[in-house]
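> Right, I'll just put the structure down here and ask away after.
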Amino acid sequence: MGCGNISPSACLLFRRKMITLQLETKIRMMLRKLTIPTLAALGLAGLVACNSDDDYHTVEETASAAVVRSFSLAGNDSVMADLDSVFFAIDLEKYLIFNADSLPYGTNVTALTPQITTLEGAALIEMTVTRDGKADTTIAYNADASQKIDFTHPVKLRVLSPDRLTDRTYTVSVNVHRTVADTLAWDRKGSFPMPSPYRNVAAARSACDGTDLYTLSTDGTGAYALFRYEGVDEMGNRYLNSLPSASRTLSPDFVPVVESFCASADGTLYLLDTAGTLHRSTDLGSTWTPAAQTGWTSVIGAYGTEILGIARRDGAYRAVSTDGLDIALPHNMPVSGFSMPVENKFPMATSAQLLILGGVRADGTLCADAWGYDGSTWVCLSKRPLPAGMEGVAVAKYYTIRGTGISAREVQALLAFGGRMADGKINTSTYISVDNGFNWSAAPVSLLLPDHIPAMYSAQAFVFDTTHSAIILPQAPARISRPVETWQTPYIYLYGGRDGAGVTVPEVWRGVINSLSFKPVI
């Protein structure tokens with residue numbers, strides 16, 4: 001068939017449509033030859049339709065079919081941005097229509113305008129609305145498609161085929177989240193005990209080597225205990241168990257500084273003694289050997305298998321490491337009291353960056369900046385630091401939610417909790433940086449710690465995944481692909497710290513941004 005005098009682009013579009021129509025005709029002719037049991041065996045009978053009228057359907061659209069081709073909601077910015085883009089699945093086996101990705105918490109669904117397409121010439125399209133304390137209302141949709149519907153409860157959608165021989169009733173559900181999606185929610189059950197055998201914990205410190213999590217504690221009488229979660233999955237998936245699977249009582253031949261405890265990427269444990277010598281153990285604390293020259297005053301943490309710290313020699317502080325780093329400490333860099341470090345990796349960078357926040361400078365003033373180490377040099381990162389200097393801040397590499405409605409997206413962020421200020425008071429605000437520590441600002445109310453978590457400093461923050469399992473019911477809606485049965489959710493764990501009186505808090509709290517725990521749609 002020729003295109004006459006029309007433009008080349010119009011001709012191309014015309015040819016594409018003709019090819020599409022021919023393909024669709026062939027598919028329908030093939031389907032007519034198949035029985036319903038055969039279709040079901042091939043996995044075709046229950047495919048899910050979607051918002052677009054351009055999708056192929058596996059149900060034969062004859063005059064005797066009562067098929068809903070697509071379902072969506074008309075745009076209404078007063079209800080939610082991009083409301084007309086919300087995806088609705090149509091289960092052609094069980095006659096269910098629903099949005100698997102729920103609308104944001106609090107979305108008003110009492111007056112929404114549905115947009116429904118069915119087989120052309122449907123004799124009847126009507127919706128029956130159920131409302132609390134009122135009689136059901138039936139609305140003739142094909143008489144007036146502009147009417148607003150109350151979707152507080154599931155709505156019945158009845159479709160009568162063009163030849164009036166087939167009558168189908170669909171159940172339409174507009175799902176809304178029951179919790180605020182962008183809120184950082186902490187377990188309502190409160191905390192669980194920090195892994196320690198002591199009733200009164202005088203000091204404790206936890207560390208992670210990327211695979212295992214360790215907690216060192218003491219009762220203050222010279223007794224020390226080490227607990228290990230073998231694999232961070234054990235931490236997440238055994239959260240309600242108070243003790244991990246591995247534990248050991250330690251008897252070091254030196255006096256440890258518990259707050260210096262850390263672990264390198266190869267699982268080696270490190271401890272500083274009160275005389276300034278750093279010790280290492282490769283057998284879970286059974287034996288310890290010196291790891292570096294003396295003079296260390298504090299341990300920053302691990303950079304891969306390298307341990308970074310601060311030393312004082314000839315009256316001056318120096319940045320040192322177990323791999324031979326020994327340089328003058330940059331001006332205004334803290335010498336103690338900094339956060340446990342977090343690691344950032346950048347696509348174009350040749351090495352990872354280690355970040356610490358806050359701390360105490362050599363002159364005793366408190367630092368409000370973030371500092372970064374790239375494998376050879378320490379530099380101040382902050383363009384806009386914290387509003388005040390603090391020591392003992394807990395920093396978690398986590399997420400925040402930007403945008404609303406279906407436009408909402410997860411953004412990686414650094415969250416800072418707690419910390420002691422110059423006047424001795426404990427910070428109760430949460431601070432956030434979405435640009436790797438360059439700029440810090442007060443986090444929204446949704447990210448604040450709840451009242452049941454005590455104000456504290458010198459806590460450690462970790463992020464571990466927890467495996468969730470969905471309950472798959474026999475009557476679950478049919479889907480194009482196998483429904484999600486397990487998925488991973490990242491949780492923040494706040495370990496220990498000290499309260500305003502300097503007393504150790506031997507507890508652990510767990511929090512998650514609500515939307516991160518929702519079951520994935522596909």
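> On the protein heavy atoms, probe 1.4 angstrom, tell me the percent of accessible surface of the stretch 272-426 carried by carbon and sulfur.
49
> What is the extension gain from D323 to A362, computed as 0.36 nm multiplied by their sequence separation minus the C-alpha to C-alpha distance, in nm to one decimal?
Roughly 11.7 nm would be gained on extension.
> How large, in percent, is the carbon and sulfur part of the accessible surface of the stretch 74-225 at a probe radius of 1.4 Å?
Taking all protein chains in place, the stretch 74-225 shows 46 percent carbon and sulfur surface.
> Cβ under 15 Å from F338's Cβ, F338 left aside: what net charge do those residues give with Lys, Arg +1 and Asp, Glu -1?
Charge balance in the 15 Å sphere: -1.
> Regarding the stretch 61-173, what are the three Cα extents along the principal axes, ordered largest first, in Å?
41, 30, 25
> Could you compute the net charge surrounding H279? Neighbours are other residues with a C-beta less than 12 Å from the C-beta of H279; K and R count +1, D and E count -1.
So the surrounding residues net to -1.
> May I ask for the net charge around G418, where only other residues with Cβ less than 13 Å from the Cβ of G418 are counted and Lys, Arg are +1 while Asp, Glu are -1?
+1
> Taking the alpha-carbon set of the stretch 332-390, what are its Rg and Dmax in Å?
Rg and Dmax of the stretch 332-390, Cα atoms, are 11.7, 37 Å.
> Can you give the Rg to Rh ratio of the stretch 423-463, both from alpha-carbon atoms, with Rh computed by the Kirkwood formula?
Reported Rg/Rh (Cα atoms, Kirkwood Rh): 0.97.
> What Kirkwood hydrodynamic radius do you get for the stretch 98-159 when you take the inverse of the mean 1/r over all pairs of distinct Cα atoms, in Å?
For the stretch 98-159, inverting the mean 1/r across all distinct Cα pairs yields 12.8 Å.
> Another question, if that's okay. Cα-based Rg (one decimal) and Dmax (whole number) for the stretch 296-418, in Å?
Calculated on Cα positions, Rg and Dmax stand at 15.7, 60 Å.
> Still on this structure, I have one more. Using the heavy atoms of the protein chains alone and a 1.4 angstrom probe, what is the accessible area of the stretch 112-166 per residue in square angstrom?
52
> Kindly report the accessible area of the stretch 239-338 per residue (heavy atoms of protein chains, probe 1.4 Å, no ligands, DNA or RNA), in Å².
43
The values are calculated or read from the model by the stated rules, or taken from the named source; none is laboratory data. On a predicted model such as this, the values are computed, not experimentally measured, just so you know. When we count neighbours, we look across all protein chains shown, and the Cβ atoms used for this are built from the backbone with ideal geometry, even at glycine. With ligands, DNA and RNA removed, areas are computed over all heavy atoms of the protein, side chains included. Shrake-Rupley method; radii C 1.70, N 1.55, O 1.52, S 1.80 Å.
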